[in-house]
Amino acid sequence: MSQVRFRPGGCVPDLEADWHAGWPSPKHDPAPEIQSHHADEHTVIMRQNKSVNYEAPFMFLLFGNDAALLVDTGATPEPEYFPLRTVVDAHLADWLAKHPRRGYRLIVAHTHGHGDHKAADAQFADRPDTTVVGPGLDAVKAFYGFADWPATPRKLDLGGRVVDVVPGPGHHASATVFYDRWTQLLLTGDTFYPGRLYVQDWDAFAATVDRLVAWCDEHPVSHLLGCHVEMSVQPDVDYPRGWTYQPDEAALPMRVPQLRALQEAVREIGGVPGIHKYDDFHVWYQV
């Protein structure tokens with residue numbers, strides 16, 4: 001049983017995906033409910049079709065030698081409309097055909113606990129060799145071993161492939177950010193993406209942004225991948241909430257300088273409620 005050597009920074013992920021951005025008439029959309037893109041042999045990025053749910057969240061499947069990690073389960077619970085387990089099981093079968101393992105585990109985790117990121121959890125509830133991490137703060141603390149939340153990140157070892165779990169409250173109380181050492185991708189959930197950044201707790205959000213910038217100062221980060229795209233390719237222009245067709249949407253991958261721009265924006269906003277618009281993102285803070 002050969003082991004994959006997941007050397008840190010050993011992968012340059014392919015992020016040049018032509019993501020399906022919905023259809024003018026959702027009920028006539030010919031695309032599948034879930035689109036998959038292999039960033040490399042051991043990393044799959046998936047997106048829910050906007051014609052199924054306008055949120056069109058992204059999900060991530062990371063393979064290690066002992067376990068795979070599924071980050072988020074989308075916005076639709078019913079498998080007949082959103083067959084996430086079927087798609088994930090197919091990816092697992094393909095990977096295991098190339099890398100045979102006994103007792104291979106699946107960990108289902110979340111970037112945070114909002115409904116469009118945990119809706120299909122029940123599809124995995126009876127799956128063998130599977131752990132579904134609860135989306136609430138107590139469950140998150142217990143599973144990863146956070147003793148001083150949100151101060152110190154924790155490590156999740158998938159079997160040679162180490163993922164750092166960084167506390168990220170602000171958008172949601174139990175939000176976490178995942179840093180994959182293999183691809184050097186930072187999976188930022190709804191904390192940072194090309195779209196509307198909704199802030200629940202301003203002080204916690206500002207601290208999280210500072211924490212993520214400090215992380216990028218201390219670790220090589222290839223790209224930052226959030227869970228939605230809501231911005232247009234035209235700077236400062238977003239698609240209205242609820243739209244199921246975004247033909248000219250911005251690219252999903254973001255860079256560290258754009259995160260620094262968010263840090264500057266947070267300082268500029270200073271906790272003042274409102275909709276604050278910037279070229280690559282909008283910050284929504286309403287109390």
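Any read-out appearing in this document is the output of simple, stated calculations on the displayed coordinates, not a laboratory observation. This one's a predicted model, so the numbers in the text were calculated from it and none came from an experiment. So basically every Cβ, Gly included, is an ideal-geometry build from the backbone, and we count neighbours across all protein chains shown.
Side notes on the structure shown:
- Answer label, with Rg and Dmax of the Cα atoms in Å calculated from the coordinates and candidates (i) 18.0, 61; (ii) 24.4, 77; (iii) 18.0, 57: (iii)
- Inter-label distance for Asp279 and Ala261, nm, one decimal - labels placed 7 Å from Cα along Cα-to-Cβ: 0.5
- In sequence order, calculated HN-Hα J values of the range 147-164 (Karplus, 6.51, -1.76, 1.60; Hz; x Gly/Pro): 9, 9, 3, x, 6, 10, x, 10, 10, 10, 9, 8, x, x, 9, 9, 10, 8
- Phi-based couplings in Hz for the range 216-223 (Karplus 6.51, -1.76, 1.60; Gly and Pro marked x): 5, 5, 9, 9, x, 10, 6, 8
- Spin-label model distance (nm) - Ala97 vs Gln286, 7 Å beyond Cα toward Cβ: 4.8
- Karplus-derived 3J(HN,Hα), 6.51/-1.76/1.60, for each residue of the range 60-75, Hz, glycine and proline x: 9, 10, 10, 9, x, 6, 10, 7, 10, 10, 9, 9, 6, 10, x, 10
- Relative contact order computed over the range 208-287 (Cα-Cα under 8 Å; 6+ residues apart), in percent: 31
- Antiparallel content of DSSP bridges confined to the chain, in %, to 5: 70
- In this rough spin-label picture, where each label sits 7 Å from Cα along the Cβ direction, the Asp157-Lys27 distance is 5.4 nm.
- Nonlocal amide H pairs with His282, under 5 Å, H built at 1.01 Å: Gly195, Arg196, Leu197
- Here the contact order of the chain, divided by its residue count and restricted to Cα pairs under 8 Å and six or more residues apart, works out to 16 percent.
- For the chain, adding -39500 (n - 2.57) for each run of n ≥ 4 DSSP H residues and dividing by the number of residues yields -6000 deg cm²/dmol at 222 nm.
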